[in-house]
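The values are calculated or read from the model by the stated rules, or taken from the named source; none is laboratory data. Computed from a predicted structure; not experimentally measured. Quick reminder, even Gly has a Cβ in these numbers, built from the backbone with ideal geometry, and neighbours come from all protein chains shown.
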Amino acid sequence: MTAEPAPPPPYVAVVGASAATAADLRDAEAVGRELAATGAVLVCGGRGGVMEAVSRGAAQAGGTVIGLLPGVDRGDANPWVTHAIPTGVGELRNGLIVRTAEAVIAIGGAYGTLSEIALALAAALEVFGLHTWGIDGVRAVASPEQAVAGALAAALARRAGA
């Protein structure tokens, strides 16, 4: 008799600005470390700013980072991405980032982040925000730890059909 395979880890997207503040970058790196510590898979846009900081935090803590790139060159990924996926669809990749995830954490951000938040909410995903857009449906949190705890709980609840 063979043992049942372990359930796959939760997939959490982290979205945020490529031109981020120092606070955004610090919090993103902490979110990456926290996600890696739980075994979650990080999904992001794979390039600079918040994406690079969260990737660095996750990679340095031994986590897995999937970067969905806007262009066709895998070499455009930041050096911390584990699996770089060149989509060739530009900003439309924002929808792919969201649909790959089971919960979303938004950190800071500009209009690209706003589009990812909107797509996540339209897909009935929970969005946890650290100093980001204050819109209906985004659950504002005060720390990276709260963001990760909320996202993991939401991802697991989504799997359970709750």
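Remark: pairs (first residue in region 148-162, charged (D, E, K, R); second residue in a loop (DSSP other than H, G, I, E, B) and surrounded by 21 or more Cβ atoms within 10 Å (Cβ to Cβ); Cβ separation under 6 Å; 6+ apart in sequence or on different chains) = Arg158/Glu102. For region 86-99, check the following and say yes or no: at least one residue is of a type in the set (A, V, I, L, M) and closer than 13 Å to Gly16 by Cα. Yes, region 86-99 contains a residue that is of a type in the set (A, V, I, L, M) and closer than 13 Å to Gly16 by Cα.
Looking across region 132-159, just one residue is closer than 19 Å to Ala23 by Cβ and among the acidic types (Asp, Glu), and that is Glu145. Any residue that is within 12 Å of the chain's Cα centre (by Cα), within 25 Å of Thr21 (Cα to Cα) and hydroxyl-bearing (Ser, Thr, Tyr) - is there at least one of those in region 101-122? Yes, region 101-122 contains at least one residue that is within 12 Å of the chain's Cα centre (by Cα), within 25 Å of Thr21 (Cα to Cα) and hydroxyl-bearing (Ser, Thr, Tyr).
Condition (residue is hydroxyl-bearing (Ser, Thr, Tyr), modelled with pLDDT of 95 or more and within 13 Å of the chain's Cα centre (by Cα)) applied to region 83-99: is it met by at least one residue?
no
Please indicate, with yes or no, whether at least one residue in region 7-27 is surrounded by fewer than 16 Cβ atoms within 10 Å (Cβ to Cβ), in contact with a strand residue (DSSP E or B) (Cβ under 9 Å, 6 or more places away or on another chain) and β-branched (Val, Ile, Thr). The answer is no, given that none of the residues of region 7-27 is surrounded by fewer than 16 Cβ atoms within 10 Å (Cβ to Cβ), in contact with a strand residue (DSSP E or B) (Cβ under 9 Å, 6 or more places away or on another chain) and β-branched (Val, Ile, Thr).
Filtered by the rule that a residue be part of a loop (DSSP other than H, G, I, E, B), buried (at least 22 other Cβ atoms within 10 Å of the Cβ) and at negative phi, region 42-69 gives Gly45, Gly63. For region 1-41, filtering for residues that are part of a helix (DSSP H, G or I) and either free of Cβ contacts under 8 Å to residues at least 40 places away in the same chain or under 16 Å from Val148 (Cβ atoms) (or both) leaves 16.
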